[in-house]
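The values are calculated or read from the model by the stated rules, or taken from the named source; none is laboratory data. Everything numeric here is computed off the predicted structure, so don't read it as measured data. All Cβ positions, even for glycine, are placed from backbone atoms using ideal geometry, and neighbour counts span all protein chains on display. Surface areas here come from the heavy atoms of the whole protein model, side chains and all, with no ligands, DNA or RNA. Shrake-Rupley method; radii C 1.70, N 1.55, O 1.52, S 1.80 Å.
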Amino acid sequence: MFEQIKHNMETIVGIEIYPILSLLIFFFFFVGLAFWVFSYQKETIQEMSNIPLEETSTL
């Protein structure tokens with residue numbers, strides 16, 4: 001089955017760009033995510049971590 005898919009992929013013109021684009025999207029997404037996580041304010045993280053412990057009535 002893989003041989004049939006491989007043969008079909010080899011006949012498509014310009015398909016060699018898709019693995020490169022996938023790698024770049026993956027790389028930039030996780031670099032951006034790491035930057036966002038490490039640059040987040042510590043006070044906001046502490047505030048969000050205390051939300052489940054607060055006793056508020058939402059009814």
**OP:** Can you give me the ranges of the helices (runs of 4 or more DSSP H) entirely in the chain with at least 3 residues that are out of contact with any Cys (no Cβ under 8 Å at 6 or more places or on another chain) and at pLDDT 85 or above?
**Re:** 17-39, 42-49
Original post:
If the Cβ limit is 6 Å and pairs must be 6+ apart or interchain, which residue in the stretch 41-52 that is among the aromatic types (F, W, Y) pairs with which residue that is assigned to a helix (DSSP H, G or I) and open to solvent by 70 Å² or more (accessible area, probe 1.4 Å)?
Top reply: none
Subject >> Residue count for the stretch 21-43, restricted to those that are β-branched (V, I, T) and either touching a helix residue (DSSP H, G or I) at 6+ places or on another chain (Cβ under 6 Å) or open to solvent by 90 Å² or more (accessible area, probe 1.4 Å) (or both) >> reply: 1
